[in-house]
Amino acid sequence: MESPEIRYITHVKKASNLDIIEISNPGQPWSPVSKKDAINDIVSKTYRYLVNWGDFTTEIKVVVSNINHKYLRTDKDGSARNNLEELPNC
């Protein structure tokens, strides 16, 4: 089985509640990607989405809340907050 293709994310689109609803890398032919499609890509292992923070890279993961809500997140600093929120808006 082949490894999933890697896509680097540089921007996000947030809903009013700060939920990430779209990820992107402007200028890439596959960008933007909806939250739903990104979740499907990650779960099916079709693509891996990574964020380069300069000194290191983190992988975007699918997290399921206690009410079965799926969302995208990455942890660059070990805190409980979602570091994807730090990326610029697309």
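All of the numbers you see were taken from the coordinates with simple rules; none came from a lab. Because the structure is a prediction, the values reported are computed rather than measured. Methodologically, a virtual Cβ is constructed for each residue, glycine included, from the backbone with ideal geometry; neighbour enumeration extends over all protein chains shown.
If you stretched the chain out fully between Asp37 and Val62, how much longer would it get, using 0.36 nm times the residue separation minus the C-alpha to C-alpha distance? Please report the intermediate quantities before stating the final value.
On the way: separation 25, 0.36 × 25 = 9.00 nm, distance 1.15 nm.
Value of the extension gain: 7.8 nm.
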Taking θ as phi - 60°, what are the ³J(HN,Hα) couplings along region 2-18 by the Karplus curve (6.51, -1.76, 1.60), each to the nearest whole Hz, with x for Gly and Pro? 6, 6, x, 5, 9, 10, 8, 9, 10, 9, 9, 10, 10, 7, 4, 8, 6
Along principal axes, largest first, the alpha-carbon spread of the chain in whole Å comes out as 33, 28, 24
Lysines within cross-link reach of Lys35: Cα-Cα under 17 Å, excluding same-chain residues under 8 positions apart? Lys13, Lys14, Lys45, Lys61, Lys70
Can you list the HN-Hα couplings for region 52-58, worked out from phi with the Karplus curve (6.51, -1.76, 1.60; θ = phi - 60°), rounded to whole Hz and with x for Gly and Pro? 8, 9, x, 7, 7, 10, 10
Sum up the charges of everything whose Cβ sits under 14 Å from the Cβ of Lys70, counting Lys and Arg as +1 and Asp and Glu as -1, but leave Lys70 out. +1
Histogram of C-alpha separations across region 2-48, 5 Å bin width, %: 5, 22, 29, 25, 13, 4, 1, 0
Here region 42-48 yields Karplus 3J(HN,Hα) values (6.51, -1.76, 1.60; θ = phi - 60°; whole Hz; Gly and Pro given as x) of 5, 5, 7, 6, 6, 9, 10
What distance in nm separates the two pseudo spin-label positions at Leu18 and Trp53, each 7 Å out from Cα along the beta-carbon direction? 1.6
Given the options His69, Phe56, Leu87, identify the residue whose Cα lies farthest towards the positive end of the charge dipole of the chain (+1 on Cβ of Lys, Arg; -1 on Cβ of Asp, Glu). His69
If you place +1 on the Cβ of every Lys and Arg, -1 on the Cβ of every Asp and Glu, and leave all else neutral, what size is the dipole of the chain about its Cα centre, to the nearest 20 Debye? 240
